[in-house]
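Enquirer: Take a look at the following structure, please.
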Amino acid sequence: MSDYIYILESHLSPDQNRVLGEVMAAAGQANLNLFLTGGAMRDMLAGFRIRDLDFVVEGAALKLAKAVADHSGATIVSVDENRKSAELEFPTGATAQIAMSRQEKYPRGGGKPQVSPATIQEDLRGRDFTCNAIALSLNKTSRGLLLDPLNGLADLERRELRAVSAYGFYDDPTRLLRLVRLGVRLGFATEERTAMQVANAREAEVEKAIPPRVLGTELKLIGVEDNAAGVIEALAQAGLLALFWPTLAEGHAHRAGLAKFDKIAHLLPDETETRAARLGPFLFALTEKLSPREKQALAKHLELSKADTNQWLQLEARSKKLAAALRAPRIRKPSQVYQLISTAAPDQVMFLLYASPLKPVQDRLRAYFQKYLPAVEEITPEEWATVEAKPARQQKAREEFIANRLDRRPPRKPAPDPLPPPPPAPEPFMARRAR
């Protein structure tokens, strides 16, 4: 086994390893050359957690994506017909992208690219930054072979972001935003020549060619970052925050609220569902200083979908029912609090942690994350194995087991034995002498 294959498999979760196997099997049956690329390779080689699997095939990528979905039960979340790529979400929550190996030519800056099939080497040479231009072969005859035509591995070791092409920011000005976002996430510096290319592109004002819809997509990506507040601050310092909405750059971006949002988001499990749920609370925190009319105008300007807009602007109204339940007098036992919060929508939980002024709501949310959830996570596999029930009642039996664990009272400590009376104080020396 190649060292890189071993490193990859050790970085992936069990669910991601199953996805890797399913995609490799489907590509083998279709006789397609398959590679792991992009962010997955960058994060693996830099020692970060792999969030999404990025696959590239030399051939019919959309056909392969459909075959994987049909065999595994995955859902095709979105399809880019121009770039021939598809986003998949698997029943376990793991996500992956399957894309065609391609070349992109831009007739004008910020415009729609002309896409044509290409080899994997041509694909890598047309990417944004060298750290994203590394691939790992997953084919039977060359499995484990690392492809690094632009020496991106050295840039990872130097912790630098280096542009692939001198014209990359002119072709796709969105890369200016991506450079800032990746720099904050990875903690990487911008390579000197790349910094000069950025200055030249900014002098030409190429960022004005970024379509509003693309700005909306980039804002959604910022919302799932672990340091969203840091990305917004870096964009403001780079003079790019005004692209999203002018008043945000004039001090209306709620910096303190974003820092609070980041802390709250880290309380929830790092899973696909909870990361996707960050969008509404993130936009609420970011735009808290804006008026309702400005928020509506911002959603329209960024061409956010109706679902994304509702997730943001209706979040407060949707969370009222959960707030009322958390403050209800009938919710007394720890198991009741655990059941209520663990089954609630993650974005509503984050919103109430962020915005609710009610002490009972805050107390119960904090108790859930600080006491009840850790107590459940400490249950060992051996203890779970003692839960016996028929398959149809297994979930109910597990809930009862959790309830008993949370609601049981700690055993009383036996009262300590009474201390013996203290010895009498010694008679003062002068009194003894007088006697």
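Enquirer: Output the residue which, of all residues in region 374-385 that are modelled with pLDDT of 85 or more and either open to solvent by 60 Å² or more (accessible area, probe 1.4 Å) or under 10 Å from Leu406 (Cβ atoms) (or both), is farthest from the chain's Cα centre (by Cα).
Expert: Looking at residues that are modelled with pLDDT of 85 or more and either open to solvent by 60 Å² or more (accessible area, probe 1.4 Å) or under 10 Å from Leu406 (Cβ atoms) (or both), I get Glu382.
Enquirer: Go through region 1-92 and tell me which strands (runs of 3 or more DSSP E), entirely inside it, have 3 or more residues that are buried (at least 16 other Cβ atoms within 10 Å of the Cβ).
Expert: Filter on region 1-92 gives 33-36, 53-58, 85-89.
Enquirer: Within the bounds of region 121-130, is there any residue that is touching a residue at least 12 places away in the same chain (Cβ under 8 Å), open to solvent by less than 40 Å² (accessible area, probe 1.4 Å) and more than 16 Å from Phe169 (Cα to Cα)?
Expert: Scanning region 121-130, I find at least one residue that is touching a residue at least 12 places away in the same chain (Cβ under 8 Å), open to solvent by less than 40 Å² (accessible area, probe 1.4 Å) and more than 16 Å from Phe169 (Cα to Cα), so the answer is yes.
Enquirer: Another question about this same structure. So which pairs qualify, if the first residue must be in region 35-50 and on the phi > 0 side of the Ramachandran plot, the second must be part of a helix (DSSP H, G or I), the Cβ gap must be under 8 Å, and the two must be at least 6 apart or on different chains?
Expert: Gly38/Asn132
Enquirer: Quick check on my filter: what residues within region 312-321 are in a helix (DSSP H, G or I) and under 24 Å from the mean Cα position of the chain (by Cα)?
Expert: The answer is Trp312, Leu313, Leu315, Glu316, Arg318.
Enquirer: Here's another thing I want to ask about it. Is one or more of the residues making up region 218-236 buried (at least 21 other Cβ atoms within 10 Å of the Cβ) and over 23 Å from the mean Cα position of the chain (by Cα)?
Expert: No.
Enquirer: How many residues, within region 149-161, are assigned to a loop (DSSP other than H, G, I, E, B) and touching a strand residue (DSSP E or B) at 6+ places or on another chain (Cβ under 8 Å)?
Expert: Of the residues in that region, 1 qualify.
Enquirer: Further question on the same structure: For the subset of region 147-183 comprising residues that are over 12 Å from Thr130 (Cβ atoms) and open to solvent by 40 Å² or more (accessible area, probe 1.4 Å), which member is nearest to the chain's Cα centre (by Cα)?
Expert: Arg178
Enquirer: Residues of region 316-343 being surrounded by 17 or more Cβ atoms within 10 Å (Cβ to Cβ) and of a type in the set (Gly, Ala, Ser), which ones?
Expert: Ser319, Ala323, Ala325, Ser335
The values are calculated or read from the model by the stated rules, or taken from the named source; none is laboratory data. On a predicted model such as this, the values are computed, not experimentally measured, just so you know. Reconstructed Cβ throughout: ideal geometry from the backbone, glycine too, with neighbour counts over all protein chains shown. Note: accessible area is taken over every heavy atom of the protein model, side chains too, but ligands, DNA and RNA are not part of it. Shrake-Rupley method; radii C 1.70, N 1.55, O 1.52, S 1.80 Å.
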